[in-house]
Structure formats: structure tokens, C-alpha cells
Amino acid sequence: MLGDHRTDKDRQLDDVRVDYQDTALTTDHGIRIDDTDNSLRPGERGPTLMEDFHFREKLTHFDHERIPERVVHARGSAAHGYFEPYDDALAPFTRAQFLTAPGLRTPVFVRFSTVVGSRGSADTVRDVRGFAVKFYTAQGNFDLVGNNIPVFFIQDGIKFPDIVHAAKPEPHNEIPQASTAHDTLWDFVRLQPESTHMMMWVMSDRALPRSYRMMQGFGVHTFRLVNAEGRGTFVKFHWKPELGVHSLVWDETQKIAGKDPDFNRRDLWEAIMTGNFPEWELGVQLVAEEDEHSFDFDLLDATKIIPEELVPVQPVGRLVLDRNPDNFFAETEQVAFHLGNVVPGIDFTNDPLLQARLFSYLDTQLIRLGGPNFPQIPINRPLAEVRNHHRDGYHQMIIPRGRASYHPNSTGGGCPAVGGPDAYTHFQERVDGHKIRKRSASFADHYSQATLFWNSMSSWERAHIVAAFRFELGRVVDPDIREGVVRNLSNVDHELASLVAAGIGVAPPAEPAVPNHGLSSPALSQAHAPVRSVATRKIAILVADGVDGGQVKAVQTALGSMGALCDVLAPRGGAVRDLDDKPVPVNHALITMASVLYDAVLVPGGQESARALSMDGEAVHYVAEAFKHAKAIGVLGEGALLLETARLGPGPHPGVVTGTGEDVKGFAEAFGAAVAAHRHHGRAMDGVPA
């Protein structure tokens, strides 16, 4: 679905879009075909003839239509949109026009992904999520290739093959898929303390996003902005979702992986199709060059954040996704991101992980996409003019004219010419030293920010982190690995290490390895994130014959006006009859849509309906599971019978909103606020059946 504008990138892609409506079937060479169901043969039962060029072309193309999947970030989903800066506040810091021209809408293509799993894995696994943005700027393509977690496992890119090999399925049996709950990953972690901070994030709910639309994004590295005078400023990039930052819970993710493994893909696609365009705010943390060494950590260390309390995030613009791809392979699978794609005004730092990525991304595209001409693939083509002396190679899509394919030349009039006012110039930084394989001592602290993260968590976030460590390490076979991880965690926090140890059969550390420094950063906690709105939240309304149809219609109208998406579910599809024997349309039968696929559950009144639902195992499970997963539950009138049958215990419970049915509008407002809060982890869950 198109938004309210047409970008230059849309118009560029029009040249390669093809619509086959009302056309005739041909070969790749334009020869019309009379039959594509039967191969050419001598007689009805004879052998296939090799002269059947259509048969050979069709099978050959099919045999070669797959390309190697990405080694990491293989499972992805993407969309088109635009970026628009709020104002020119960054003009003193950078020459990048797309960041400094108010009202300028730069086309973007954004790909979200998991990291460890293959293309066929599920969306909701515990994993880091990729957040890669390709800006098609007038100065060339800029790729901001980040994650939904602001730090990484390693400090130096030379370790990247090691962490990926350790996290991937174990090589002897290719198990487990899309999971880090196995020996090799945790063996790496216990022997590589620099990964401790990242593992705290991965064991938190940040690794279980409710939706791509509800997760943050980070550039991870410290980059550099460069202004017209050549002055540099360190910068970290942040994406903050307009809908707030929300996560699933672990039990829920496992069930969704079976019920709808495309959960996050589907969510993104349907939101854009229905006009609920996802939006993020771009923010930056700016650090002056002279303040580079003003922190107790190194800005070049990718395992560290700059706490927002030290350097606030300055909002600079918004990102909107408003169109789905036309073809998954041609766009989402063939898009090639590369950190080396920068525009004037943006440059790199000496971060050793960033430096390695500058090599690795380009190297990867050469094998995946068939050679050096992959930038000519339509989804990768810049809007800026491309003029150079590159020639030939696999899949050359243009026809260069003239004799000059070198520089300098006179046969081509010296063109393409170098330089000009908008040419890219690197930041001038003095670099000297002896060639050594050694890291700076400023990279040596591996635990203090992991402790900062732990200290910043709410009680329920801490409980989830402990449970995650217990699950992951509980699946580790080698007891020495489990013990080694607990020893590492003792450097983070003694209580954390003791709680994890108690759940995995490991002796807890006798005393803290180091004292907890007591510092915290509220910005790191999802519990402190602002409550947004109920917009685009999916609500299941459970009904049966005898339901109060007036309540159903009124609550649908009220919640719909807030932007919520309501589905009516019943023991059977089609429709049920209300109190007045009128039909109430049903969107889905209960058995076809699990409660884990919804954000909240609502049970309207109607004695006959409530009684029927309380005798239906699926309906009882719906409310019990929603309660267990801390979701909002709404009950009107006699609908309370279903909660009683589910044995949820005496109320009131946080996030359970009840009403008599007389003031449906007031009820809908209270229920909508409970849904907007996302989860209500203050509930006592003991004894509640899942």
C-alpha cells in the first residue's frame, strides 16, 4: 500500500517493475510458448527430447533460483519508507544533507532480522534483532546497519567468526536451530568475559520484541560526524519506536514459534497494508572530539554504551515505513547493506569491530550476489548518479560508452572527473604507533556496565533475566561450562550469580567477586519506558451464542476509535446469535487463533454465552494463558464466569478490568489504558494454569 507520497526511489523502481496481467507466456528471450505443462517427446510415451529449449530453460532457471542465504541475519523482513529531519540542528556538525534539510524526505529501505537462525527459522526466538536502514540520499547511499541492542558480544572484529561459530547450531549434528541454549555458545561466553554485558541484554526481554514496530534500534558503534570545516564530532545513533518499547515473555515466544513462526513478519506486513505505518524517531548522542577520554570507558569499545544520563539523546528526525516490497527475493533478499556506504559528513572511528565490518560486509556481497556489480541490482541502486571506470564482471547491467576506462585519461576528456564541492573527504586524524596485536587498557573493564544494566532493571525484569540464564544454562551439558558462566556472573552481581546457580545445579559463589558499584541508568529499563497508546494492539473478544450483541458492538466501536484491532472469536466460525437472536459476525474460530497471537482478551456479557465459554476448554485456556502472560483482560457483566472457571483467584488483579456493561465507553477507556500499558507483571501468578 502506498503512502501519501511517491519517492524518487519508487519512480526508479518503476523501470523494473513488471505486471503480467493480460500477457502471453514467453521464454527468457521473448519467444511465445504454446504449452508449459508437457515436455517435447516422440510419441505420447516417448523420452523427453533435449531440443525442447523451453523445458531446458525452465528447469535450468529453477535449479539456480536460490542464492546463498546470509551467514547471519538470514531471517528477515523489510519495508520501504522515508526519513525526514525535524530541523537543521545538526548543520553545525555534519555536511550530510539528509540530516540537516528540514522537510526533505529521503527514501529508505529498512530490513529487520534475527541473527543466528536460518531463513527457515521462527521469528520469535531469543536473539538479537538486526535493524538496517538504507538511505537513498542525493549524495549517495548511506547504510546504518545496527541492532536492537546497543552493544555487541566482542570488541575486535577478528573474533567475529568465533562468536558466530559458537552461537550457530553445533557442527556435529546441526542442533539447535536459532537458539543459543547449547554448550558451544556458553563455552565461548565463559572464556570471553567481554561478552558478559551483551549476554545480560540477550537474556533480558530485549531479545524477545513484541514487534519490529515496538523495538529500539542502535548503530552500536561510535561514528563520527564531520562538518564543512572538517571538524569532527563523535556520534551514536538511536531509533526509538513511536509505539513504545515492548516485549513478549519467554513462554509466549515458544508457543508463537509453533502457532505462527512468521509472527513478526506478518505484524509488519499487515500494519503497513492497513495504513498503520510504523514510525521511529532518530536520536543522536554527540560527544566533542576533545571529550573523547572523559568517560570511564572507551568510546571505541562496542561492548559499551554511553549512558543517557551522561549524554542525552537528541531527537533529530523521524523514520516512517509506508510500503511493503513488491517481491521478497528481488528486494528483501537481494538488498545489500554495507557500513562502508557513507555520505559526505559521516565518517568512521577506529573502533576495531567497526573496522572489521567495513571489510566483511562488502566481501559477503561478492559471493551472495554473484560478483562486484551487485550495486546495480535495483533495490541497491543509489539515486545519486554513478560514474566510474569499473568495467565488466558478472551481471553487468549497463553499457558504458567511449574508450576511457582509466584515470587519468584524455580520450574521455578526463571524465569522470574527481573532486568538486560535494566530494567525499575523510576526516583528517593523525594515527601513528608500532604495529602490535594488543588492545588498549581502556578496553579491559568487562563487567561494570553489565552491573549497570542489572542494577537498572525492575524486579520483574530481573526475574526474567534469571529465568533466561537458568533455561539457557540448564540445556548446557558440560557442568564446567555452567560453573564458569556463574563465576563470570559473580563479577556482575553476587545475587544474580547465586539465583542462576540455584536453578542449574551449580554451587553458588561463596562471596561477591567484586562489590556491586550501585550505579543505575533508568533509561535502560523497559519498565520506565513511557506508556504509549492502544493503537494497533490486537484484542480477542470471546463470544458464544447468547452474547450481549450490543456490548460487543459498542466495545468494538470504542476500542476501534482508539486504533485497536478487535477480532471476535467463538467456538465456531461464521456467526453466533446474540440475546435478540441476531447474528454477531465471528472473525475466527477459537481453535484457529491462539491467545499468544493477541495483546489482550475481552469477554462481553450474556449469561448463555458466558456459560458456554466456561464449558469450552479453548476459551478457559485463553483467559488463563493471557493472565499468565500478564496481558490485559476485560470482563463485562456475566463474562466474569469465565474468569472464575479459569481459577484466577480473588481479585482485583492488575490489568484485569471489569464492568457491569452499563457504561461501555468508560469501560473501554479503562481497558484501553490497561492494554496500552502492555503487560502487568505485578500479578501473583502462582497456581494459575497455563
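Worth pointing out:
- Here the range 264-357 yields Rg over Rh of 1.06, to two decimals, using C-alpha coordinates and the Kirkwood radius.
- The range 24-41 and the range 280-309 have Cα centres lying 61 Å from one another.
- Given their separation in residues at 0.36 nm each and the Cα-Cα distance between them, Gln396 and Asn350 gain 13.1 nm when the chain is fully extended.
- Cα centre as origin, Lys/Arg/Asp/Glu Cβ charges: the chain dipole, Debye: 760 debye
- Here's the list of lysines a cross-link from Lys255 could span, going by alpha-carbon distance under 18 Å and ignoring same-chain residues fewer than 8 apart: Lys538, Lys628, Lys631.
- Sequence-distant lysines (8 or more away, or on other chains) whose Cα lies within less than 20 Å of Lys304: Lys159, Lys236, Lys240, Lys438
- Rounded to the nearest 20 debye, the dipole magnitude of the range 247-317 is 640 debye, with +1 charges on Lys and Arg beta carbons, -1 on Asp and Glu beta carbons, and the Cα centre as origin.
- The charge dipole of the range 438-556, taken about the Cα centre with unit charges on the Cβ atoms of Lys, Arg (+1) and Asp, Glu (-1), comes to about 460 debye, rounded to the nearest 20.
- Interatomic Cα distance distribution for the range 11-82, bins of 10 angstrom, percent: 13, 29, 29, 20, 8, 1
- P(r) histogram, all alpha-carbon pairs of the range 565-665 included - 5 Å bins from 0, percent: 2, 13, 24, 28, 21, 9, 3, 0
- Diffusion coefficient of the range 456-582 by Stokes-Einstein, Kirkwood radius over Cα pairs, 4 °C, 1.567 mPa s: 68 µm²/s.
- Positive contributions from Lys and Arg (+1) and negative ones from Asp and Glu (-1), summed over other residues with Cβ under 10 Å from the Cβ of Trp280, come out at 0.
- Between Asp88 and Arg6, full extension at 0.36 nm per residue minus the direct alpha carbon distance yields a gain of 27.2 nm.
- Ranked by the mean number of other Cβ atoms within 10 Å of their residues, highest first, the peptides 304-316, 53-65 come out as 304-316, 53-65.
- Positive dipole terminus of the chain, leading residue within Thr364, Val576, His73 (C-beta point charges): Thr364
- Highest-first arrangement of 607-618, 632-643, where packing means the average Cβ count within 10 Å: 632-643, 607-618
- Against the rule of thumb 2.2 N^0.38 Å, how large the Cα Rg of the range 51-183 comes out: 1.44
- Computed per residue of the chain from DSSP H runs no shorter than four, each worth -39500 (n - 2.57), the mean residue ellipticity at 222 nm is -8000 deg cm²/dmol.
- Centre-to-centre, using Cα atoms only, the range 186-218 and the range 388-454 are separated by 31 Å.
- Portion, in percent, of the accessible area of the chain that falls on carbon or sulfur, probe 1.4 Å: 54 percent
- Beyond 26 Å, the tail of the calculated P(r) for the range 286-434 holds 49 percent of the Cα pairs.
- Rounded, prolate or oblate (a/c below 1.5 giving rounded, otherwise prolate when a/b exceeds b/c) for the range 612-686 by Cα gyration tensor: oblate
- Cβ-based net charge around Ile163, under 12 Å, with every Lys or Arg adding one and every Asp or Glu removing one: -2
- Exposure of His238 as accessible area (Å², to 10), given a probe of 1.4 Å and all protein chains: 20 Å²
- Rounded to the nearest 10 square angstrom, Phe297 shows an accessible area of 20 square angstrom against a 1.4 Å probe.
- The range 519-542 and the range 342-359: distance between their alpha carbon centers, rounded to Å: 34 Å
- Charge context of Asp205, other residues only, Cβ under 10 angstrom, K/R +1, D/E -1: +3
- Rolling a 1.4 angstrom probe over the protein heavy atoms with all chains in place gives the chain an accessible area of 46 Å² per residue.
- Projected onto their three principal axes, the Cα atoms of the range 349-447 cover extents of 58, 32, 25 Å, largest first.
- Approximate spin-label separation Leu358-Glu57, in nm, with each point projected 7 Å along Cα-to-Cβ: 4.6 nm
- Kirkwood hydrodynamic radius over Cα pairs of the chain, then Stokes diffusion coefficient at 37 °C and 0.692 mPa s, in µm²/s: 117 µm²/s
- Counting only protein chain heavy atoms and rolling a 1.4 Å probe, the accessible areas of Trp269, Trp280, Trp250 rank, largest first, as Trp269, Trp250, Trp280.
The values are calculated or read from the model by the stated rules, or taken from the named source; none is laboratory data. All values derive from a computational prediction rather than experimental measurement. Cβ: placed from backbone, ideal geometry, glycine included. Neighbour counts: every protein chain shown. Remember, those area values only see protein heavy atoms, side chains included, never the ligands or the DNA or RNA. Shrake-Rupley method; radii C 1.70, N 1.55, O 1.52, S 1.80 Å.
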